[in-house]
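Q: Dropping a structure here in structure tokens format, bear with me for questions.
Read-outs throughout are calculated quantities, based only on the coordinates presented, and are distinct from any laboratory measurement. Computed from a predicted model, the values in this text were never measured in an experiment. Cβ placement follows ideal geometry from the backbone for every residue including glycine, while neighbour counts extend to all protein chains displayed.
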Amino acid sequence: MAVLLALALCLSSLGEGAGEEEYEGMKTYFEQHGALHVSGTQLTDAAGAPVQLRGVSTLGLAWYPEFVNEDAFRTLRDEWGANTVRLAMYTCEDGGYMTGGDRAALEALIDRGVKLCAALGMYAIIDWHILSDGDPNIYADAAEDFFRRMSALYADQPHVLYELCNEPNGAGVTWPVVKGYAERIIPVIRANAPDAVIICGTPTWSQDVDAVAADPLDDPNTMYALHFYAATHKATLRRKVVRALKDGTPVFVSEFSICDASGDGEIDYDSAAAWRELIGAHDLSYIAWSLSNRDESAALIRADCQKTSDWTEDDLSETGRWLRDVLRADRER
Ligand code: IDC
């Protein structure tokens, strides 16, 4: 039976249109795994077995709201093999939460995304997407208020993870500075969602995971973000990851792409392969940037494609095609 199932899954991953029918009636990833926890450096499920969250991140919710729709998420789940969607809400760029964005509309989009994930048995990550505001403490009051309300809304929904600050960066934004911010926000979330998995950004655009081990957060279900763009970040950053894991730091790849750090430029397939090997070797969770058709290499959908779900191979960018193959292969692991 197991062999037949494996064969069916294998065949279903071949060719266009594979997936949906074959996966009907199967348990969703959330149904299989339930509430998540951190054990050592590993993300684990309700029964303590290792899990690997795999999925995509939206681009700015304010910019591409049309991609937060049921058919899109279902396509990602059934056709691609994703089990997670990250909902990225910029704080400071155009239309950001702190820069005149429509807060009610942004929160409604998050709510839609969280509910779609619940209905489809996927995990959802709520991402407070700091970027040009390099120090998360700048808007910590607003972040506290935001995470208080989010964690109250989703207190009883174990498919929700909270990402405290996308990418701390800039002079002086060291690990102790980020830690101070996290120590303000974590208790606020814990008051409502005592066991939810939290992802904390790290300094240098979420690259300094190796800085954590000397002084980690005092919270058993917090992981630490590592972000990479394969054409820019290579062996040096991979060594940092290995060191961090060796030192006992739970690492979560909550954003990456295979082009350069601008989100554009050439794809580096060799570096992407090296990252993929590292991710596989350590069962790291990984979330790809970004679910959009923006005219840049990281966008998963081609710029000239207007479809917001049910993409065929031809609708995908080079990055999108690479990612779909990777997700499909990992679904069968
Ligand atoms: C980029 C988007 C781009 C947008 C820009 C805003 O891809 O369309 O104009 O942000 O400044 C990150 C960030 C992520 C970036 C991405 C690519 O988390 O917000 O998105 N990147 O530059 N860190 C490293 C790369």
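Q: Hey, what's the Cα Rg ratio for region 165-281 versus the globular rule of thumb, 2.2 N^0.38 Å? Could you put the intermediate results ahead of the total?
A: Values: Rg = 14.6 Å, N = 117, 2.2 N^0.38 = 13.4 Å.
Region 165-281 yields a ratio of 1.09.
Q: Grab the chain and count how many Lys pairs have their alpha-carbon atoms under 23 Å apart, sequence gap of 8 or more, or different chains.
A: 5
Q: Still on this structure, please answer the following. Please report Rg over Rh for region 32-177, where both radii come from the alpha carbon positions and Rh follows the Kirkwood definition.
A: Numbers: Rg = 15.6 Å, Rh = 16.0 Å.
Radius of gyration over Kirkwood radius for region 32-177 works out to 0.97.
Q: Mind listing the long-range amide H neighbours of TYR286? Cut-off is under 5 Å, sequence gap 5 or more, other chains count too, H placed in the peptide plane at 1.01 Å from N.
A: For TYR286, whose amide H was placed from the backbone, the distant partners under 5 Å are LEU53, ARG54, GLY55.
Q: Among GLY320, ALA273, VAL242, pick out the residue whose Cα is farthest towards the positive end of the charge dipole of region 236-333, where Lys and Arg carry +1 and Asp and Glu carry -1 on C-beta, about the Cα centre.
A: In region 236-333, that residue is VAL242.
Q: Using +1 on the beta carbon of Lys and Arg, -1 on that of Asp and Glu, and nothing else charged, what's the dipole of the chain about the Cα centre, debye to 20?
A: 860 debye
Q: 5 Å is the cut-off here: which amide hydrogens, built 1.01 Å from N in the peptide plane, fall below it relative to VAL38, excluding neighbours closer than 5 in sequence?
A: THR44
Q: In addition: I'd like the antiparallel share, as a percent to the nearest 5, of DSSP beta bridges with both residues in the chain.
A: The antiparallel proportion sits near 15 percent.
Q: Okay, next question. Convert each backbone phi in region 132-138 into a coupling constant with the Karplus relation 6.51 cos²θ - 1.76 cosθ + 1.60 (shift: θ = phi - 60°), then list the ³J(HN,Hα) values in order as whole Hz, x for Gly and Pro.
A: These are the phi-based 3J(HN,Hα) values: 5, 7, x, 9, x, 5, 4 Hz.
Q: Considering only C-alpha atoms, what is the centroid distance from region 232-262 to region 196-221, in Å?
A: 13 Å
Q: Normalised by the residues of region 190-332, what does the relative contact order come to in percent, with Cα pairs under 8 Å and at least six apart?
A: 17 percent
Q: Listed highest first by mean packing, meaning other Cβ atoms within 10 Å per residue, what order do 101-110, 122-131, 254-263 come in?
A: In descending order of packing, they fall as 122-131, 254-263, 101-110.
Q: Pairs of Cα atoms under 8 Å, at least six residues apart: use those to get the relative contact order of the chain, whole percent.
A: In percent, rounded to a whole number, it is 19.
Q: If you don't mind, there's one more thing I want to ask. Would you compute, for the Cα atoms of region 114-227, the largest minus smallest coordinate along each principal axis and list the three values in descending order, in whole Å?
A: Largest to smallest, the principal-axis extents are 42, 26, 25 Å.
Q: Taking every pair of Cα atoms in the chain, average 1/r, invert it to obtain the Kirkwood radius, and report Rg/Rh to two decimals.
A: Details: Rg = 18.5 Å, Rh = 19.7 Å.
Expressed as Rg/Rh, it is 0.94.
Q: What 222 nm value per residue comes from the helices of the chain, counting each DSSP H run with n ≥ 4 as -39,500 (n - 2.57) and dividing by all residues, nearest 500 deg cm²/dmol?
A: One gets -11000 deg cm²/dmol as the mean residue ellipticity at 222 nm.
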